[in-house]
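This report refers to the structure that appears directly beneath it.
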Ligand code: 5GP
């Protein structure tokens, strides 16, 4: 059965998915003095090593074809060739629930037109407008999902950050207490 599941998705089953380098925008009203700091052993358990290796291997494999121009799974979602749970949509932006949520709210926000934005590292001046629209759409999603009091926006850019789909996307995460540092 496991053989039927694409390797790129299997790596998502790691509970340590968020324990990796990424670009993060924190939006939280919590007073720092009230923030929860996990003791070190809770942040990194021994069995995380294998999952992290799988995740890194999948990310490297994805990066190898990142600039091929080939459509990604997100193109199929945009074209409604495969189903997704859409949370917000306008002319330029689509937001849908992540298939492997890492929080009670986990929504991906993507540009409908990739236009060279396979990853944030490829951003140029001409992308300024869509980047702003994506960030604003993330706020709209947070509002719709009722998590405006505290949510996190994550962009994994490149293999070192374990990006697995090369169509720029923002992860909007919320509905539970987030910890810091993320790992
Ligand atoms: P990345 O690892 O590139 O930052 O994030 C890619 C995200 O896309 C992952 O969180 C993964 O769960 C999600 N994803 C991959 N394939 C699909 C899919 O077919 N549908 C949905 N809704 N999400 C997907």
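The values are calculated or read from the model by the stated rules, or taken from the named source; none is laboratory data. Remember, it's a predicted structure, so these values are computed and weren't measured experimentally. In this analysis, Cβ positions are derived from the backbone assuming ideal geometry, glycine residues included, and neighbour counts consider all displayed protein chains.
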Test residue 59 against the stated conditions and say whether it is part of a helix (DSSP H, G or I), in contact (Cβ under 8 Å) with a residue 40 or more places away in the chain, within 12 Å of the ligand (Cβ to nearest atom) and within 18 Å of the chain's Cα centre (by Cα). yes
Give the residues of segment 146-162 that are in contact with a helix residue (DSSP H, G or I) (Cβ under 6 Å, 6 or more places away or on another chain) and part of a helix (DSSP H, G or I), sorted by residue number. 159
Hits in segment 113-132 - residues which are part of a loop (DSSP other than H, G, I, E, B) and away from the ligand (no atom under 15 Å from the Cβ): 113, 115, 116, 123, 124
Number of the exception - residue 66 against (1) more than 30 Å from residue 143 (Cα to Cα); (2) surrounded by fewer than 18 Cβ atoms within 10 Å (Cβ to Cβ): (2)
Tally up the residues in segment 75-106 that are more than 8 Å from the ligand (Cβ to nearest atom) and in a strand (DSSP E or B), please. 8
Residues that are modelled with pLDDT of 95 or more, surrounded by 21 or more Cβ atoms within 10 Å (Cβ to Cβ) and within 16 Å of the ligand (Cβ to nearest atom): does segment 141-149 have at least one? yes
State all residues of segment 69-84 that are surrounded by fewer than 19 Cβ atoms within 10 Å (Cβ to Cβ) and closer than 17 Å to residue 100 by Cβ; if no residue qualifies, say none. 73, 76, 82, 83, 84
All but one of (1) part of a helix (DSSP H, G or I); (2) touching a helix residue (DSSP H, G or I) at 6+ places or on another chain (Cβ under 7 Å) hold for residue 143, so report the exception by its number. (2)
